[in-house]
Amino acid sequence: MTTTLPAYDEVVARYEPVIGLETHVELGTNTKMFCGCPTDFGGEPNTRVCPVCLGLPGSLPVANKAAIEATIRIGLALNCSIADWCRFARKNYFYPDMPKNYQISQYDEPLCVDGYLDVEVNGELVRIGVERVHLEEDTGKTLHVGGATGRIHGATESLVDYNRAGIPLVEIVTKPVPGTGALAPEVARAYVAELRDVIRSLGVSDVRMEEGSLRCDVNTSLNLPGEEWGTRTETKNVNSLRSVERAVRSEILRQASVLDGGGRITQETRHFQEDTGDTRPGRSKETATDYRYFPEPDLVPLAPDAAWVAELKAALPELPRLHRRRLQADWGLSDADMQSVLNAGAVELIEATVAAGATPAAARKWWLGELSRRANEAGIELADVGATPGQVAELQSLVDAGKLNDKLARTVLEGVVGGEGSPTEIMTNRGLEVVSDTGALTAAVDEAIAANPAIADKVRSGKVAAAGALVGAVMKTTRGQADAKTVRDLILERLGA
Amino acid sequence: MAAISREEVAHLARLSRLAVTEEELDTFAGQLDTILQAVAQVGEVAAADIPPTSHSVPLTNVLREDVVVPGLTPAEALSGAPDAEEQRFRVPRILDEDVAS
Amino acid sequence: MTDLTKLTAVEIAGLVAGGETSAVEVTQAHLDRIAAVDDRVHAFLHVDTEGALAAARAVDERRAAGEELGPLAGVPVAVKDVLTTKGVPTTVGSKILEGWRPPYDSTIVQRLRAAGTVMLGKTNMDEFAMGSSTEYSAYGPTRNPWDLDRIPGGSGGGSSAALAAYEAPLAIGSDTGGSIRQPGAVTGTVGAKPTYGGTSRYGLVAFSSSLDTPGPCARTVLDAALLHAAIGGHDPRDSTSIPAPVPDVVAAAKLGATGDLTGVRLGVVTEFSGEGAEPGVVAAFRESVDALAKLGAEIVEVSCPHFRYALPAYYLIAPSECSSNLARFDGVRFGLREGDDGNRSLEEVMSLTRDAGFGPEVKRRIMLGTYALSSGYYDAYYGQAQKVRTLITRDFTAAFERVDALISPTTPFVAFPIGARTSDPYQMYLADLFTIPTNLYGGPGISVPCGLSEGLPVGLQVMAPTMADDRMYRVAAALESAVGTFTPPAL
């Protein structure tokens, strides 16, 4: 499409967006939803399969208790009601990554319904309604061969690996979210981020978007003020927080452009393009898909009793938003400082670094300073920058022990990020430790004094500030591996100043 | 009046992924019509307030502990495959790119 | 010398345990019998000669080592080809699975092995267990040993014919709408459908998941009970398996064999005792009712008004479930693939595969089920059928408040000539008119030979409450003690 898109601010001044999100989360159970195969990410193709998840004739599903409990816990954390009786249903459609050509899912009887999640956007609390939370099974993975791009289009054949088939997948569907105006993209992003944090805090999934354990579909529509909601599109393939924001924004712009031109929005599935940041239509279907849902006869109903649900509720952890409040107080941060920690995606990293022994201030300094800079430069998430909280805490402990100065510590951190090993190993291997041998240091100081008699005299005469030049000289000869303050004290001591 | 048309039968065949021939369509349309007229008798029963039965066993919450059990080797998994490549199941090119879930 | 193939399972097990014969001798005798007659009967799709002899040798070795053997050790058994057998072909009577060797055993087959029985091979069946004559097998029909021009019933005609032809003393079947009981009736053998959930479905290739029930077939009620006890009981791999012990069907069969039914109330199902059945079948049934009364049973008439809707409800529920269950046969992971010429798309290849691999009856039911589940039709067809299922269950519950068990003819007609009902699918469906209500309810039912009509066997069906399988064995064994067993003409 070559149409010029209108300006965003101008569009959201005229149209009201309504958004909705469907999020799929792969649970981190040991085994799959309906069989005892392991769920680990990756692995050689078709090594984590059995008759059940391959859909071999005669095989039967048995539901994983841990997956049911995880789903109930997610529902409770999202303030949902838990159904006292519900069933799995079969969703029938043919696709080769789905071994049975039906997916065991839930239809009109989801496990959890009618909840909400409060998210903060620019300091304001926005309540996102949650329509339902249900449990289903994931599909296998298809590799498209023969096309130029590895995409389905143009491929001559496809190869299927069923390792992922049957991994428990929780689907969380929001109610439509109107009234967010220009902030719709930020609200969408904040919701997914908050949902991710909630699920991570529950310990039921590692929720890593880049590994596909959290996947997002975004619904968007536009309407004129005072009019009914517009026709919505569903954008699939939105696989990072940044993409969630971009997908909503680009879909708002695209729809506005269509509407401005007198066109109509088609209810359709669109695909988000990571490279361009826009959405493209999926292949249109000749008729609407009829999934022919019916109750799964191979599984009996779920009827979580009140005691079970109460037990799970009692064991819920503190919710991330409240947890963050507490951390802010513990760390003594202003709202603005806390916001910058949040924006950097550094809360859990700092928390873990503190847990590993660093002070909150030091932990914050590393993650928001040097490491954030590197993450931004590389265009990656802070968590993926290559340093762990444990390593950062260790680095700080070396600084606190006087073994590293600030400059050396940065060099060591570079090595950590580069995967050279632990801070201590890097310090030792690269010989970066601060020269604390006073004999060697005194010799270097004496050498500097001897080489710069004029400056030395100035210092002796009371011009203490002149000592800086001597410190510089000593640092040079020790290749920066001395502690500047120690050097300075030593110089002043030698010169009797 | 026929309960089901030839076009509807053709649609059912497509939905069911059955490449039935034109002759088969004619035969099936007639037979399915007879069968549907007969099974439509269920509609004679007044059952507005009757709950449906999907399962005859009075069981709920049949769950499995989250413990790994040995599955198949890749060789066993692929043993019945009509075609395999790189330890994966090979299929011809896929036209329909829309994937639900 | 005794003809080992004419013995009951109880007799064979006794001879093996006592060292009077060996499991290998018994097995070889049955393999020889199969070789002699099965080209005419065609009960087997696959005979596992080596596997059977190896299993028999293992039993003999265990006996020689002084191990305690189970009550069926060394007894040969024929298994309907609907159950997966590791490394042994499993076709479900369909072209779409031709040559498939499953990488796993069904629970029933595992239990048969554990019991020391010797699996002779896999028996013929209507494709995917859809049919009442075994004519819908992709591998040609099985013939009734009573008259080779007639059908042996279906879908499990292979298992019942193998019994009637003395090719095996025991067999496994599966019953979705009557596929164990109706073949039992028309071959003069015993076939029992256990309570749904009483026998594991793991490894049973699904036709209609909420109805399918594997069960025992034998020439005597006691043999059937012993086999039932060996294969039944809870299986954690089947979510619908009932976590309770199998009722003591063996003791019940022995009690029934004493011929005393004093204190037992039997209900003759009004709706199934005259209309719709052949006069010869009705006559044999009536005589048997008199015989049961002479054994001390109190006979009452019981009306089950919704049973007349069982057949239509069944032909909505079973096809609906089958349309989904059979979706996995797509030529991707196992079985047939048709038309993959390098140009055609997956969608075309799948459709060609399914069209080539499935027979007409299977296609009819897939399309019927797809229709019944479609939005717009769901409520009127599938949804309404499930409500009828509730009403049928209520009829049973009400009946069992008045009587201990219900009785009826097993099937409306004796074995019909091959080809007589294939042109009109609905005429074939009527064969299961009397057996289907039990499947919709989930209770147990047994067919026991009760007489002959024009020289062909007639079966009487006993239906009991869920998890009261023992009751039907008692009644069946009592009737057997009164009317005896029925032997077909020599082949």
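The values are calculated or read from the model by the stated rules, or taken from the named source; none is laboratory data. Nothing here was measured: the structure is a model prediction, and the numbers come from that model. Here the Cβ positions follow ideal geometry from the backbone for every residue, glycine too, while neighbour counts run over all protein chains shown. We work out accessible area using only protein heavy atoms, side chains counted, and drop any ligands, DNA or RNA first. Shrake-Rupley method; radii C 1.70, N 1.55, O 1.52, S 1.80 Å.
Helices (runs of 4 or more DSSP H) wholly in chain B with at least 2 residues that are over 30 Å from C:G331 (Cβ atoms) - which ones?
Working: elements: B:6-15, B:22-39, B:74-78.
Where helices (runs of 4 or more DSSP H) fall fully within chain B and carry at least 2 residues being over 30 Å from C:G331 (Cβ atoms), they are B:22-39.
Any idea which of C:G451, C:G459, C:G443 is more than 30 Å from B:V39 (Cβ to Cβ), touching a strand residue (DSSP E or B) at 6+ places or on another chain (Cβ under 8 Å), outside any helix (DSSP H, G or I) and open to solvent by less than 40 Å² (accessible area, probe 1.4 Å)? First the steps, then the outcome.
Values: C:G459 fails: more than 30 Å from B:V39 (Cβ to Cβ); C:G443 fails: more than 30 Å from B:V39 (Cβ to Cβ).
From the options C:G451, C:G459, C:G443, the qualifying one is C:G451.
Taking the condition within 14 Å of another protein chain (Cβ to nearest Cβ) and farther than 30 Å from C:P489 by Cβ, does C:V79 pass?
Values: within 14 Å of another protein chain (Cβ to nearest Cβ): yes; farther than 30 Å from C:P489 by Cβ: no.
It is false that C:V79 is within 14 Å of another protein chain (Cβ to nearest Cβ) and farther than 30 Å from C:P489 by Cβ.
Tell me whether region A:20-35 contains one or more residues that are open to solvent by less than 10 Å² (accessible area, probe 1.4 Å), more than 26 Å from the chain's Cα centre (by Cα) and of a type in the set (G, A, S).
For region A:20-35, residues open to solvent by less than 10 Å² (accessible area, probe 1.4 Å), more than 26 Å from the chain's Cα centre (by Cα) and of a type in the set (G, A, S): absent.
When you scan region A:77-132 for strands (runs of 3 or more DSSP E) that lie fully inside it, which ones turn up with 1 or more residues that are over 20 Å from A:P61 (Cβ atoms) and more than 10 Å from every other protein chain (Cβ to nearest Cβ)? Talk me through it step by step, then tell me what you get.
Details: elements: A:89-92, A:102-105, A:112-121.
Filter on region A:77-132 gives A:112-121.
Listed residues C:L204, C:L261, C:L295; which is more than 23 Å from the chain's Cα centre (by Cα) and open to solvent by less than 10 Å² (accessible area, probe 1.4 Å)? Can you show your working first?
Details: C:L204 fails: more than 23 Å from the chain's Cα centre (by Cα); C:L295 fails: open to solvent by less than 10 Å² (accessible area, probe 1.4 Å).
None of the others qualify; the one that does is C:L261.
Of the residues that sit in region C:34-49 and are over 22 Å from the mean Cα position of the chain (by Cα) and not β-branched (V, I, T), which one is nearest to C:N124 (Cα to Cα)?
The residue in question is C:D39.
Would you check if there is a residue in region C:169-177 being surrounded by fewer than 24 Cβ atoms within 10 Å (Cβ to Cβ) and modelled with pLDDT of 95 or more? Before you say what the answer is, go through the steps one by one.
Of the residues in region C:169-177, the ones surrounded by fewer than 24 Cβ atoms within 10 Å (Cβ to Cβ) are none.
No.
All but one of (1) at pLDDT 95 or above; (2) surrounded by fewer than 22 Cβ atoms within 10 Å (Cβ to Cβ) hold for A:L5, so report the exception by its number.
For A:L5, the failing item is (1).
Select from region C:332-342 the residues that are more than 7 Å from chain B (Cβ to nearest Cβ) and farther than 20 Å from C:V92 by Cα and list them in ascending order.
The answer is C:G339, C:D341, C:G342.
Please find, within region B:42-66, the residue that is surrounded by the most Cβ atoms within 10 Å (Cβ to Cβ) out of those that are over 26 Å from A:D298 (Cβ atoms) and more than 7 Å from chain C (Cβ to nearest Cβ). Talk me through it step by step, then tell me what you get.
Restricting attention to region B:42-66, the residues satisfying the condition of being over 26 Å from A:D298 (Cβ atoms) are B:43-46, B:48-49.
Imposing the further condition that a residue be more than 7 Å from chain C (Cβ to nearest Cβ) reduces the set to B:44, B:46, B:48-49.
On the way: B:E44: 12, B:A46: 9, B:A48: 6, B:D49: 6.
Per the criteria, the residue is B:E44.
Using the structure shown, decide if C:R111 is among the basic types (K, R) and more than 20 Å from C:H228 (Cα to Cα).
Numbers: among the basic types (K, R): yes; more than 20 Å from C:H228 (Cα to Cα): no.
No; evaluated as a whole, the condition is false for this residue.
For the structure I just gave you, tell me whether A:G166 is part of a loop (DSSP other than H, G, I, E, B), at positive phi and either touching a His at 6+ places or on another chain (Cβ under 6 Å) or within 14 Å of another protein chain (Cβ to nearest Cβ) (or both). Before the answer, list the steps.
On the way: part of a loop (DSSP other than H, G, I, E, B): yes; at positive phi: yes; either touching a His at 6+ places or on another chain (Cβ under 6 Å) or within 14 Å of another protein chain (Cβ to nearest Cβ) (or both): yes.
So A:G166 passes the test.
How many residues, within region A:14-35, are within 11 Å of chain B (Cβ to nearest Cβ) and outside any strand (DSSP E or B)? I'd like the intermediate steps shown before the answer.
Restricting attention to region A:14-35, the residues satisfying the condition of being within 11 Å of chain B (Cβ to nearest Cβ) are A:22, A:24, A:27-35.
From the residues that got through so far, the ones that are outside any strand (DSSP E or B) too are A:27-30, A:32-35.
Total meeting the criteria: 8.
Every residue in region C:173-216 that is within 14 Å of chain A (Cβ to nearest Cβ) and of a type in the set (D, E), please. Step through it out loud before you land on a result.
Our first condition is that a residue be within 14 Å of chain A (Cβ to nearest Cβ); within region C:173-216, this holds for C:174, C:176, C:196-197, C:199-214.
C:D212, the sole residue that qualifies.
Where residues in region A:384-398 are assigned to a loop (DSSP other than H, G, I, E, B) and modelled with pLDDT under 90, which of them is farthest from A:P423 (Cα to Cα)? Before you say what the answer is, go through the steps one by one.
Taking region A:384-398 as the starting set, the residues that turn out to be assigned to a loop (DSSP other than H, G, I, E, B) are A:385-388.
With the extra rule that they be modelled with pLDDT under 90, the set shrinks to A:385-386.
Working: A:V385: 15, A:G386: 13 Å.
That would be A:V385.
Residue-by-condition table, conditions (1) in contact with a strand residue (DSSP E or B) (Cβ under 6 Å, 6 or more places away or on another chain); (2) among the charged types (D, E, K, R); (3) touching a residue at least 12 places away in the same chain (Cβ under 8 Å):
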residue	(1), (2), (3)
C:V41	no, no, yes
C:F44	yes, no, yes
C:E50	no, yes, no
C:D60	no, yes, yes
C:G70	no, no, yes
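If you go through region C:274-305 one residue at a time, how many are at pLDDT below 95 and closer than 23 Å to C:S481 by Cβ?
Number of matching residues: 0.
Sort through A:S221, A:S250 and tell me the only one that's more than 24 Å from A:Y93 (Cβ to Cβ), of a type in the set (S, T, N, Q), open to solvent by less than 10 Å² (accessible area, probe 1.4 Å) and not in a loop (DSSP other than H, G, I, E, B). Walk me through how you get there before you give the answer.
Working: A:S250 fails: open to solvent by less than 10 Å² (accessible area, probe 1.4 Å).
Among A:S221, A:S250, only A:S221 is more than 24 Å from A:Y93 (Cβ to Cβ), of a type in the set (S, T, N, Q), open to solvent by less than 10 Å² (accessible area, probe 1.4 Å) and not in a loop (DSSP other than H, G, I, E, B).
Only one of these is surrounded by fewer than 16 Cβ atoms within 10 Å (Cβ to Cβ) and in a helix (DSSP H, G or I): C:A56, C:A36, C:A13, C:A29. Name it. If you could, list the steps in order and put the result at the bottom.
Numbers: C:A56 fails: surrounded by fewer than 16 Cβ atoms within 10 Å (Cβ to Cβ); C:A13 fails: surrounded by fewer than 16 Cβ atoms within 10 Å (Cβ to Cβ); C:A29 fails: surrounded by fewer than 16 Cβ atoms within 10 Å (Cβ to Cβ).
Exactly one residue qualifies, and that residue is C:A36.
Name the residues in region A:439-472 that are open to solvent by 30 Å² or more (accessible area, probe 1.4 Å) and hydrophobic (A, V, I, L, M, F, W, C), would you?
Answer for region A:439-472, where residues must be open to solvent by 30 Å² or more (accessible area, probe 1.4 Å) and hydrophobic (A, V, I, L, M, F, W, C): A:A440, A:A443, A:A450, A:A451, A:A454, A:I455, A:V464, A:A465, A:A469.
Here is a list: B:V91, B:V69, B:V39, B:V9. Which entry is within 7 Å of another protein chain (Cβ to nearest Cβ), open to solvent by less than 40 Å² (accessible area, probe 1.4 Å) and out of contact with any Pro (no Cβ under 7 Å at 6 or more places or on another chain)?
On the way: B:V91 fails: out of contact with any Pro (no Cβ under 7 Å at 6 or more places or on another chain); B:V69 fails: open to solvent by less than 40 Å² (accessible area, probe 1.4 Å); B:V39 fails: out of contact with any Pro (no Cβ under 7 Å at 6 or more places or on another chain).
Being within 7 Å of another protein chain (Cβ to nearest Cβ), open to solvent by less than 40 Å² (accessible area, probe 1.4 Å) and out of contact with any Pro (no Cβ under 7 Å at 6 or more places or on another chain) holds for just one of B:V91, B:V69, B:V39, B:V9, which is B:V9.
Between a residue in region C:16-29 that is over 18 Å from C:Y166 (Cβ atoms) and any residue that is at pLDDT 95 or above and surrounded by fewer than 18 Cβ atoms within 10 Å (Cβ to Cβ), which pairs come within a Cβ distance under 7 Å, given they are 6 or more apart or on different chains?
Partner pairs satisfying both residue conditions: C:V24/C:L53; C:V24/C:R57.
Please verify whether B:S101 is modelled with pLDDT under 95, more than 9 Å from chain C (Cβ to nearest Cβ), under 27 Å from A:D298 (Cβ atoms) and open to solvent by 20 Å² or more (accessible area, probe 1.4 Å), treating the condition exactly as stated. Walk me through how you get there before you give the answer.
Values: modelled with pLDDT under 95: yes; more than 9 Å from chain C (Cβ to nearest Cβ): yes; under 27 Å from A:D298 (Cβ atoms): yes; open to solvent by 20 Å² or more (accessible area, probe 1.4 Å): yes.
Against the criterion (modelled with pLDDT under 95, more than 9 Å from chain C (Cβ to nearest Cβ), under 27 Å from A:D298 (Cβ atoms) and open to solvent by 20 Å² or more (accessible area, probe 1.4 Å)), B:S101 qualifies.
Taking C:I108, is it in contact with a Lys or Arg (Cβ under 6 Å, 6 or more places away or on another chain), within 14 Å of another protein chain (Cβ to nearest Cβ), closer than 26 Å to C:D32 by Cα and not in a loop (DSSP other than H, G, I, E, B)?
Working: in contact with a Lys or Arg (Cβ under 6 Å, 6 or more places away or on another chain): no; within 14 Å of another protein chain (Cβ to nearest Cβ): yes; closer than 26 Å to C:D32 by Cα: yes; not in a loop (DSSP other than H, G, I, E, B): yes.
It is false that C:I108 is in contact with a Lys or Arg (Cβ under 6 Å, 6 or more places away or on another chain), within 14 Å of another protein chain (Cβ to nearest Cβ), closer than 26 Å to C:D32 by Cα and not in a loop (DSSP other than H, G, I, E, B).
Among the residues in region A:401-409, are any modelled with pLDDT of 85 or more, among the small types (G, A, S) and touching a Pro at 6+ places or on another chain (Cβ under 9 Å)?
Taking every residue of region A:401-409 in turn, at least one turns out to be modelled with pLDDT of 85 or more, among the small types (G, A, S) and touching a Pro at 6+ places or on another chain (Cβ under 9 Å).
Counting only residues that are within 7 Å of chain B (Cβ to nearest Cβ) and part of a loop (DSSP other than H, G, I, E, B), which one in region A:36-50 is surrounded by the fewest Cβ atoms within 10 Å (Cβ to Cβ)?
Pass one, region A:36-50, residues within 7 Å of chain B (Cβ to nearest Cβ): A:36-38, A:44-50.
Narrowing further to those that are part of a loop (DSSP other than H, G, I, E, B): A:36-37, A:44-48, A:50.
Numbers: A:G36: 21, A:C37: 27, A:E44: 10, A:P45: 22, A:N46: 27, A:T47: 18, A:R48: 28, A:C50: 22.
The qualifying residue surrounded by the fewest Cβ atoms within 10 Å (Cβ to Cβ) is A:E44.
So, in region A:62-76, of the ones that are under 18 Å from A:S105 (Cβ atoms) and facing another protein chain (nearest Cβ under 7 Å), which residue ends up surrounded by the most Cβ atoms within 10 Å (Cβ to Cβ)? If you could, list the steps in order and put the result at the bottom.
The first filter runs over region A:62-76 and keeps only residues under 18 Å from A:S105 (Cβ atoms), leaving A:62-64, A:67-68, A:70-72, A:74-75.
Of the ones still in play, those that are also facing another protein chain (nearest Cβ under 7 Å) are A:62-64, A:68.
Working: A:V62: 22, A:A63: 22, A:N64: 27, A:I68: 22.
The selected residue is A:N64.
Report, ordered by the first and then the second residue, all pairs with beta carbons closer than 6 Å, sequence separation of six or more or different chains, a first member in region A:16-42 that is free of Cβ contacts under 8 Å to residues at least 24 places away in the same chain, and a second member that is charged (D, E, K, R) and open to solvent by 10 Å² or more (accessible area, probe 1.4 Å).
A:P38/A:R48
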